[in-house]
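Enquirer: The structure under discussion is supplied below as structure tokens; questions concerning it will follow.
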Amino acid sequence: MLVTITSFIFALIGLVLGGGGIWLLLLGGSWFYAFAGLMFLLTAFFLWRRRIVALWLYALLVLVALVWALLEVGFDWWALMPRGGIIILLGLWLAMPWIVGPLRQQTDDGRRGLQAAPLLVSLVIAIVVAVVSMFNAPHDLTGVLLTDVVAQNPNLGDTSKPGDWPDYGRTVFGQRYSPLDQINVSNVSNLKEAWRFQTGDIRGPDDVGETTYEVTPLKIDNTLYLCTPHNHAIALDATTGKEKWNFDPKAGLNSDRQHQTCRGVTYYRDAAAAADAPCAQRIYLPTSDARLIALDAANGQICRSFADNGELHLEQGMKYHPAGYYYSTSPPIIVDNKIIIGGAVNDNYSTTEQSGVIRAFDVRTGALIWNWDSGNPGETAPLPPGQTYTTNSPNSWSVFSADPALGLVYIPLGNKVPDQLGMGRSESVEKYSSSIVALDIKTGAVRWVRQTVHHDLWDMDVPAQPALIDLTGKDGATVPALVAPTKQGDIYVLDRRTGEPILPVREVPAPGGAIPEDKAAPTQPMSALSFNPQPLRERDMWGMTLFDQLACRIEFHQYRYEGRYTPPSLTGTIVYPGNFGTFNWGSIAVDPERQVMFGMPTYLAFISKLVPRAEVPPKGQVKGSEQGLNRNEGAPYAVILKPFLGPLQVPCQAPPWGYVAGADLRSGQIAYKHKNGTVYDMTPLPLPFKLGVPGIGGPIITRGGVAFLAAAVDDYFRAYDLTSGRQLWEARLPAGGQATPMTYTGTDNKQYVLLVAGGHGSIGTKAGDYIIAYRLP
């Protein structure tokens, strides 16, 4: 009976693999699946006939599968597993006595014990190969960064106390570097939790999907300042974690918001005010209903002298202002007594959305000083009454950097929405979309622009705060540099005075063939320092089993894909790296002494499919978001955006999907690249397999030679040796840690490392509301 049941199962597998394999062959894909289907069918037939030849045929399948798999992927365990896992398990089943026993040779010569020998030999060979591959790391780049201190007294961006963290990236330079070294590579493994605080603001059932904790707190003196996804501003005692005050702006909920998050607040000390005067120290809070609120840092009370009774209404000057379409998710920057702010515009909702204007206001009064609109870049004088900014001009939703000595503020710009449709873009929009722009702090005038994607059709915003660092050249001269990570994986190292490349940038040919109404740029820029992955091939398709891998291979051939920058299409285009980004708002961290960087490159392919307007469902049937159907109201096409996933909802491309990496910023050489993170929180069972998983968030570096990073989709906070990338410590988190950590000194003279763990709605990590600080015992 078991043999009969087994024969039916093998026949079913053969039909599935054979049918799918023929389909794949017709698409120009691999021959193996059709062959495997045939071998399963033949094995099933001879099992049903009780013939020993069934085992010999299956042994042939095992050996052919092994050779084919090794030719495709080599000794890579996670790539071999779906190719051979089921085949080996079923082979072991066939070798069992209850299967071998009922089988007979055509002529019984008494050697029944040897009937399964060919199968057993093939299985042993395959298992040995599998075991050997487990100890191989074909995707890891092993190396070390130089440990030499290149700059003895580097420019950190300000003169704040070493134990403070007064700006989002610690200073307006955005380096994410702390000069503290009490915690170092020799003792970081001893870190223990010092305290935790819960904000009470947790993602609820009525929240939009992307309700996320992405905040990096500030620390000034002995107070931490932070915000929650629903824009509560909170002050805590930095040493004990006790709450000092809590302000609720009552921003409410709006289902049209694409994001419900707050990455941080901004601190200001008024040098002209008496130290104990009300609002002598301020916290500026951006909200999801497009307000900027000034609070007294001492008690959380509203500073009524700022703007309109303490609130600045950012919808001013917008021709269109649909509620929930515009807000600031990132903290503004303060420099030269100006508070400079951009805003996030919902991606791909409508052609009549708010402007991406950048505005500078008087930090004390809220009076508008200048405005720079990328759709009208020559006019920076305050907008006259009755006029409006350019609708849908490229916006900046991320964090700015500034160099007060040069008088420049650096803006990472996004794209004009709709992101995937380039028709009708003005000359100005074409120039400034997806670029880094340096503006004069006093006037808002453009000093230089460096575009990272031409005619962007892929939502490749410059997503992260640029890091400013002074680099030492081979001749010993110091060059003020700007380091800007991008979604597509390029890291631009530029002279921040002029925008000219320090590490070379070249133009490379790009695929053509946009839809008839649009065009594609013939070339695209590429930096010499790049984490851009190799183009996908059919053999890179993955799955947990042979079956979903076959499905991904078929799907790969059905989409359009000619490498990076393949234009969107009606049939669907693979976008790789996807618009989730090789790097995103978490940016990178730089060490200004050693002049190196540490980052978390992530690789996930996405699908972009244009939908003609006549085929778009009525409004209300499908809710707009960054994933799924983006309606693009007013445009001839909507767009479907989604990760490239297989039938089991795991990525169709093979792992690793996430790394930690270190690079030398002077030479542009990548020193190491190691898989980061496990599938512990991605699967129904808590499996600690280190595949290298995606993440969103950022790292920090300390003078102690340690890099700290959470961000990955498993709920862990980790420390790494900056020199080698080797993991030194980890702590289990009670919720997703998709935020950038920070570090400071408490009143007990102990160095603390702090992370916010509240989860990330769009990547599905566990929700929470935790602020957790760690220190040495």
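Enquirer: Within segment 348-377, count every residue that is under 23 Å from Ile333 (Cβ atoms), charged (D, E, K, R) and open to solvent by less than 20 Å² (accessible area, probe 1.4 Å).
Expert: 2
Residues are listed down the side, and each one gets a yes or a no for (1) in contact with a strand residue (DSSP E or B) (Cβ under 6 Å, 6 or more places away or on another chain); (2) among the small types (Gly, Ala, Ser):
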| site | (1), (2) |
| --- | --- |
| Leu494 | yes, no |
| Glu500 | no, no |
| Leu503 | yes, no |
| Ser527 | yes, yes |
| Arg560 | yes, no |
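Enquirer: Within segment 587-597, is there a residue that is among the hydroxyl-bearing types (Ser, Thr, Tyr) and out of contact with any Leu (no Cβ under 9 Å at 6 or more places or on another chain)?
Expert: Within segment 587-597 (the criterion being among the hydroxyl-bearing types (Ser, Thr, Tyr) and out of contact with any Leu (no Cβ under 9 Å at 6 or more places or on another chain)), the answer is yes, since at least one residue qualifies.
Enquirer: Which condition number in (1) within 30 Å of Thr352 (Cβ to Cβ); (2) touching a strand residue (DSSP E or B) at 6+ places or on another chain (Cβ under 7 Å); (3) of a type outside the set (S, T, N, Q) is the one that Lys619 fails?
Expert: Among (1) within 30 Å of Thr352 (Cβ to Cβ); (2) touching a strand residue (DSSP E or B) at 6+ places or on another chain (Cβ under 7 Å); (3) of a type outside the set (S, T, N, Q), the lone unmet condition for Lys619 is (2).
Enquirer: Wholly within segment 669-738, which strands (runs of 3 or more DSSP E) include no fewer than the required count, namely at least 1 residues that are open to solvent by less than 30 Å² (accessible area, probe 1.4 Å) and closer than 16 Å to Ile183 by Cβ? Let's see the steps before the verdict.
Expert: Values: elements: 670-675, 700-702, 706-709, 716-721, 727-732.
Because the criterion is at least 1 residues that are open to solvent by less than 30 Å² (accessible area, probe 1.4 Å) and closer than 16 Å to Ile183 by Cβ, the strands (runs of 3 or more DSSP E) in segment 669-738 that meet it are 700-702, 706-709, 716-721, 727-732.
Enquirer: With the requirement that a residue be closer than 25 Å to Ala251 by Cβ, open to solvent by 10 Å² or more (accessible area, probe 1.4 Å) and not in a loop (DSSP other than H, G, I, E, B), what does segment 166-218 give you?
Expert: Hits for segment 166-218 are Asp167, Phe197, Gln198.
Enquirer: I'm trying to understand the selection: among the residues of segment 433-449, which are open to solvent by less than 40 Å² (accessible area, probe 1.4 Å) and either within 23 Å of the chain's Cα centre (by Cα) or β-branched (Val, Ile, Thr) (or both)?
Expert: Correct list: Ser433, Ser434, Ser435, Ile436, Val437, Ile441.
Enquirer: Out of everything in segment 640-666 that is among the aliphatic types (A, V, I, L, M) and in contact with a helix residue (DSSP H, G or I) (Cβ under 8 Å, 6 or more places away or on another chain), what residue ends up being surrounded by the most Cβ atoms within 10 Å (Cβ to Cβ)?
Expert: Applying the filter and picking the extreme gives Ala654.
Enquirer: Of the numbered conditions (1) under 30 Å from Gly705 (Cα atoms); (2) open to solvent by 20 Å² or more (accessible area, probe 1.4 Å); (3) among the β-branched types (Val, Ile, Thr); (4) within 25 Å of the chain's Cα centre (by Cα), Thr266 satisfies every one except a single condition; which is it?
Expert: Among (1) under 30 Å from Gly705 (Cα atoms); (2) open to solvent by 20 Å² or more (accessible area, probe 1.4 Å); (3) among the β-branched types (Val, Ile, Thr); (4) within 25 Å of the chain's Cα centre (by Cα), Thr266 violates only (2).
Enquirer: For segment 282-299, enumerate the residues that are surrounded by fewer than 21 Cβ atoms within 10 Å (Cβ to Cβ), under 17 Å from Asn246 (Cβ atoms) and out of contact with any Pro (no Cβ under 7 Å at 6 or more places or on another chain).
Expert: Residues satisfying the conditions are Ala298, Asn299.
Enquirer: Within segment 689-700, identify whether any single residue is farther than 21 Å from Leu191 by Cβ and of a type in the set (Gly, Ala, Ser), and answer yes or no.
Expert: Yes, segment 689-700 contains at least one residue that is farther than 21 Å from Leu191 by Cβ and of a type in the set (Gly, Ala, Ser).
Enquirer: Moving on to the next point. Name the residues in segment 543-573 that are in a helix (DSSP H, G or I) and under 24 Å from Tyr637 (Cβ atoms), would you? Walk me through how you get there before you give the answer.
Expert: Let us first name the residues in segment 543-573 that are in a helix (DSSP H, G or I), namely 546-558.
The answer is Glu555, Phe556, His557, Gln558.
Enquirer: Could you tell me whether segment 290-299 includes any residue that is touching a Lys or Arg at 6+ places or on another chain (Cβ under 6 Å), in a strand (DSSP E or B), touching a residue at least 60 places away in the same chain (Cβ under 8 Å) and closer than 22 Å to Val756 by Cβ?
Expert: no
Enquirer: Surrounded by fewer than 23 Cβ atoms within 10 Å (Cβ to Cβ), in contact (Cβ under 8 Å) with a residue 60 or more places away in the chain and of a type outside the set (A, V, I, L, M, F, W, C): is that true of Thr380 in this structure?
Expert: yes
Enquirer: Can we say Asn579 is farther than 30 Å from Arg176 by Cα, buried (at least 22 other Cβ atoms within 10 Å of the Cβ), modelled with pLDDT under 95 and out of contact with any Pro (no Cβ under 7 Å at 6 or more places or on another chain)?
Expert: Judged against the criteria, Asn579 is not a match.
Enquirer: Could you count how many residues in segment 40-67 are closer than 12 Å to Ala126 by Cβ and not β-branched (Val, Ile, Thr)?
Expert: Residues in segment 40-67 being closer than 12 Å to Ala126 by Cβ and not β-branched (Val, Ile, Thr): 6 in total.
Enquirer: List the pairs whose first member sits in segment 743-764 and is of a type in the set (Asp, Glu), whose second member is part of a strand (DSSP E or B), and whose Cβ atoms are under 7 Å apart, counting only residues at least 6 apart or on separate chains?
Expert: Within 7 Å, no pair qualifies.
Enquirer: Can you name the condition, by its number, that Met597 falls short on among (1) part of a loop (DSSP other than H, G, I, E, B); (2) surrounded by 22 or more Cβ atoms within 10 Å (Cβ to Cβ)?
Expert: (1)
Enquirer: Further, regarding this structure: Only one residue in Phe10, Phe35, Phe45 is aromatic (Phe, Trp, Tyr) and open to solvent by less than 10 Å² (accessible area, probe 1.4 Å), so which one is that?
Expert: When all the criteria are applied, what remains is Phe10.
Enquirer: Restrict the check to segment 670-684 and report whether at least one residue is touching a residue at least 40 places away in the same chain (Cβ under 8 Å), farther than 23 Å from Asp76 by Cα, touching a Leu at 6+ places or on another chain (Cβ under 7 Å) and of a type in the set (Phe, Trp, Tyr).
Expert: no
Enquirer: Is it the case that segment 383-402 has a residue that's without any contact (Cβ under 8 Å) to a residue 40 or more places away in the chain and within 19 Å of Ser428 (Cα to Cα)?
Expert: Yes, there is a match, as at least one residue in segment 383-402 is without any contact (Cβ under 8 Å) to a residue 40 or more places away in the chain and within 19 Å of Ser428 (Cα to Cα).
Enquirer: I'm trying to understand the selection: among the residues of segment 308-320, which are closer than 17 Å to Gly342 by Cα and either surrounded by 15 or more Cβ atoms within 10 Å (Cβ to Cβ) or polar (S, T, N, Q) (or both)?
Expert: Glu311, Leu312, Leu314, Glu315, Gln316, Gly317, Met318, Tyr320
Enquirer: Taking the criterion of being of a type in the set (D, E, K, R), touching a residue at least 24 places away in the same chain (Cβ under 8 Å), surrounded by fewer than 15 Cβ atoms within 10 Å (Cβ to Cβ) and assigned to a loop (DSSP other than H, G, I, E, B), would at least one residue in segment 221-230 satisfy it? If you could, list the steps in order and put the result at the bottom.
Expert: Filtering segment 221-230 for residues of a type in the set (D, E, K, R) gives 221.
From what's left, touching a residue at least 24 places away in the same chain (Cβ under 8 Å): 221.
Filter again for surrounded by fewer than 15 Cβ atoms within 10 Å (Cβ to Cβ), leaving 221.
Filter once more, so that each one left must be assigned to a loop (DSSP other than H, G, I, E, B): 221.
There is at least one residue in segment 221-230 that is of a type in the set (D, E, K, R), touching a residue at least 24 places away in the same chain (Cβ under 8 Å), surrounded by fewer than 15 Cβ atoms within 10 Å (Cβ to Cβ) and assigned to a loop (DSSP other than H, G, I, E, B).
Enquirer: Mind checking which strands (runs of 3 or more DSSP E) fall wholly inside segment 300-412 and carry at least 1 residues that are in contact with a Pro (Cβ under 9 Å, 6 or more places away or on another chain) and over 22 Å from Val172 (Cα atoms)?
Expert: Output list reads 311-313.
Enquirer: Mind checking whether some residue in segment 533-554 is touching a residue at least 40 places away in the same chain (Cβ under 8 Å), of a type in the set (S, T, N, Q), out of contact with any Ser or Thr (no Cβ under 9 Å at 6 or more places or on another chain) and more than 30 Å from Val150 (Cβ to Cβ)?
Expert: Checked segment 533-554: at least one residue is touching a residue at least 40 places away in the same chain (Cβ under 8 Å), of a type in the set (S, T, N, Q), out of contact with any Ser or Thr (no Cβ under 9 Å at 6 or more places or on another chain) and more than 30 Å from Val150 (Cβ to Cβ).
Enquirer: Can you find a residue that is more than 30 Å from Arg176 (Cβ to Cβ) and in a strand (DSSP E or B) anywhere in segment 525-536?
Expert: Within segment 525-536 (the criterion being more than 30 Å from Arg176 (Cβ to Cβ) and in a strand (DSSP E or B)), the answer is no, since none of the residues qualifies.
The values are calculated or read from the model by the stated rules, or taken from the named source; none is laboratory data. None of these values were measured; they are calculated from a predicted model. Glycine also receives a Cβ, built like all others from the backbone with ideal geometry; neighbour counts cover every protein chain displayed. We work out accessible area using only protein heavy atoms, side chains counted, and drop any ligands, DNA or RNA first. Shrake-Rupley method; radii C 1.70, N 1.55, O 1.52, S 1.80 Å.
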